[in-house]
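First up is the structure itself, then whatever we jot down about it.
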Amino acid sequence: MYELIDKNISKHIDLAKEELDLFHSMLTVKKFKKKEFLLQQGEVCHFTGFITKGCIKNYVLDEKGNEFILYFAIEDWWVGDISSFFEQIPGTLFIQTVEDTELLMLDYRKSEQLFKEIPKFDATSVFLSNVL
């Protein structure tokens, strides 16, 4: 279940088995249906998610309501509104599934705990490498 995320993280930092176990304990598996919103513009992003199956699009709307896709995220990608997540302010992005999708999700409170308990596991080493 955690092989893909462990491989992704290992590109950035080395974690001992105990540290990986702690990290795994903080993750929640969530499944979303096609076209389901994970976040809408103006909402505070309380999660960062790692895609284990599926596809997600991050986009913004212009003043006329036209959709501008910033990127598609597929398996082995992190997704979220990173500024909203770390600053806990309303975000500017829409995050919506393109197909049925499964994520390993880390909520904001658990991320704070993670950074305290495993200092080498900071935002710049892993999350910012894949999330805009």
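When you count the other C-beta atoms within 10 angstrom of each residue and take the mean per peptide, 64-76, 104-116 line up highest first as 104-116, 64-76. Each residue of the stretch 34-44 was assigned a 3J(HN,Hα) from its phi angle through the Karplus curve 6.51 cos²θ - 1.76 cosθ + 1.60 (θ = phi - 60°); the sequence is 3, 6, 7, 7, 8, 7, 10, 3, x, 8, 7 Hz, with glycine and proline shown as x. Secondary-structure-derived ellipticity at 222 nm for the chain, considering helices only, amounts to -7500 deg cm²/dmol, per-run term -39500 (n - 2.57) for DSSP H runs with n ≥ 4. With the convex hull drawn around the C-alpha atoms of the stretch 9-70, the volume per residue stands at 130 Å³.
Separation of the stretch 1-34 from the stretch 68-92 is 18 Å, based on Cα centroids.
Quick one: length gained pulling Leu70 to Thr28 fully straight, 0.36 nm per residue minus the C-alpha distance?
Result: 12.5 nm gained on full extension.
Residues in the stretch 59-73 carry Karplus couplings, in order, of 8, 10, 10, 7, 4, 9, x, 6, 7, 10, 6, 7, 6, 9, 10 Hz; the curve used is 6.51 cos²θ - 1.76 cosθ + 1.60 with θ = phi - 60°, and Gly or Pro positions show x.
Note on the chain: along the principal axes its Cα atoms extend 50, 28, 21 Å, ordered by decreasing extent. The H on the amide N of Leu38, modeled in the peptide plane, is under 5 Å from the matching H of Ile95, Gln96, Thr97, each at least 5 residues off or on a different chain. For the chain, lysine pairs separated by 8 or more sequence positions, or belonging to different chains, with Cα-Cα distances below 16 Å total 15.
Any read-out appearing in this document is the output of simple, stated calculations on the displayed coordinates, not a laboratory observation. Everything quoted here is computed from the prediction, not taken from an experiment. We place every Cβ from the backbone using ideal geometry, glycine too, and count neighbours over all the protein chains shown.
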